[in-house]
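*Asks:* Take a look at the following structure, please.
Any read-out appearing in this document is the output of simple, stated calculations on the displayed coordinates, not a laboratory observation. The model shown is predicted, which means the values in this text are computed figures rather than measured ones. Virtual Cβ from ideal backbone geometry, glycine too; neighbours counted across all protein chains shown.
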Amino acid sequence: MIGTLILIVLVIILLLKMVKIVPEQEAWIIEQFGKYQKTLAAGLHLIIPIVQKAAYKVNLKEEVIDVLPQVCITNDNVQVSVDGILYIKVIEPEKACYGIENYRYATSQLAQTTMRSEVGKIELDKTFSERDTINNAVVKAVDEASDPWGIKVTRYEIKNLDPTDSVREAMEQQMTAERDKRADILESDGVKQAQINESKGAREEAINYSKGERQKRINEAEGEAKAIEVQAEATAEGIKLIAEALNQPNGDKAKKIRIINKYTKQLGEILDTAETQVIPLEAAQVKSLLQTVIPAVVEKGGK
């Protein structure tokens, strides 16, 4: 009876040792007599105790490896401290276990050396703007190198990229100088544009003024021409009327009377304004002229 119980207990223990449950996102490497036998995926499995054993238990989840800071020298011989984060995933567990001693440490070292190489290809000013380029180059290089180990590098990100204190001060001074330069350029551009606008305004004003003066002169000339035309027409009409009047009977006598009236009027004005009165010889003939013309006119009017 006791022997039976012992046998049953041994069988139970043996069954427990044979039954293995592999969790999700894990892979167990089974060795038989110290030699790789198979890889167990997630689920329930049976192995032979003593003959077989789970030599490695590999995590298949994506892992995050912190890449330690290191000093890199840029293409323009400036020292910068760079660190990052590496994302990897085990694709082939048996290669990860037998291909290398410690794949985490190996991929981290590969990331560091690749980072130094990539930073050394570019200048300091471009290291900040070309982070994506550096990250992609690190991922490509490390992924190719770790392929025999069954590792897939999914991503690499630079966490910090810090130059030395002296370089940082020089960069700040350069940035300050650059900002001052841009401010001076903007100010000069503003002054230049203002001067251009003022000159354009003065030019437009001069053009408008000259156009106005030109139009004014044209209007004045047209007005004067119109006045001369009207005056000429009036003078011509007057001359025409005078000519017609002179052709009438007694027109010649009326002309003489008109001349005498004008002459006597002007002579009177001269005598009134002159301090010394000198009567010309022609004045002596006025009386005889009047005696000749006026009676004839009176006689004609009486008739």
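*Asks:* List the aspartates and glutamates whose Cα sits under 16 Å from the Cα of LYS121, skipping any in the same chain fewer than 8 residues away.
*Replies:* Filter leaves ASP76, GLU130, ASP132.
*Asks:* Say the cut-off is 31 Å between C-alpha atoms; which of LYS35/LYS140; LYS61/LYS126; LYS17/LYS95 go over it?
*Replies:* LYS35/LYS140; LYS61/LYS126
*Asks:* Could you compute the FRET efficiency for ARG182 and LYS159, with r as their C-beta to C-beta distance and R0 at 45 Å, rounded to 0.05?
*Replies:* 0.90
*Asks:* What is the calculated FRET efficiency for ASP189 to THR113, with r their C-beta to C-beta distance and R₀ = 41 Å, to the nearest 0.05?
*Replies:* Efficiency for this residue pair is about 0.25.
*Asks:* In nm, to one decimal, how far is the modelled label at ILE207 from the one at SER166, with both set 7 Å along Cα→Cβ?
*Replies:* The modelled label-to-label distance comes out at 6.1 nm.
*Asks:* While we're here: Whole-Hz ³J(HN,Hα) for each residue in region 21-36, computed from phi via Karplus 6.51 cos²θ - 1.76 cosθ + 1.60 with θ = phi - 60°, x for glycine and proline: what do you get?
*Replies:* Listing the rounded values in order: 10, 8, x, 5, 6, 9, 9, 9, 9, 9, 10, 10, 6, x, 10, 4 Hz.
*Asks:* In percent, what relative contact order does region 63-163 have, based on Cα pairs under 8 Å that are 6 or more apart in sequence?
*Replies:* 41 percent
*Asks:* Let me ask something else. Mind listing the long-range amide H neighbours of VAL67? Cut-off is under 5 Å, sequence gap 5 or more, other chains count too, H placed in the peptide plane at 1.01 Å from N.
*Replies:* Amide H to amide H, under 5 Å and 5 or more residues apart or across chains, VAL67 pairs with GLY84, ILE85, LEU86.
*Asks:* Among the aspartates and glutamates, select those whose C-alpha is under 17 Å from the C-alpha of LYS57, and discard any that sit fewer than 8 residues away in the same chain.
*Replies:* Cα-Cα hits under 17 Å: GLU24, GLU26, GLU31, GLU92, GLU94, GLU101.
*Asks:* Separate question: Karplus couplings for region 44-55 from phi (6.51 cos²θ - 1.76 cosθ + 1.60, θ = phi - 60°), rounded to Hz, Gly and Pro as x?
*Replies:* With coefficients 6.51, -1.76 and 1.60, one gets 9, 9, 10, 10, 8, x, 6, 6, 10, 8, 7, 6 Hz.
*Asks:* Rounded, prolate or oblate: which fits region 63-163 when a ≥ b ≥ c are the square roots of the eigenvalues of the alpha-carbon gyration tensor, with rounded for a/c under 1.5 and prolate only if a/b beats b/c?
*Replies:* Prolate shape, in that a/c is at least 1.5 and a/b is the bigger ratio.
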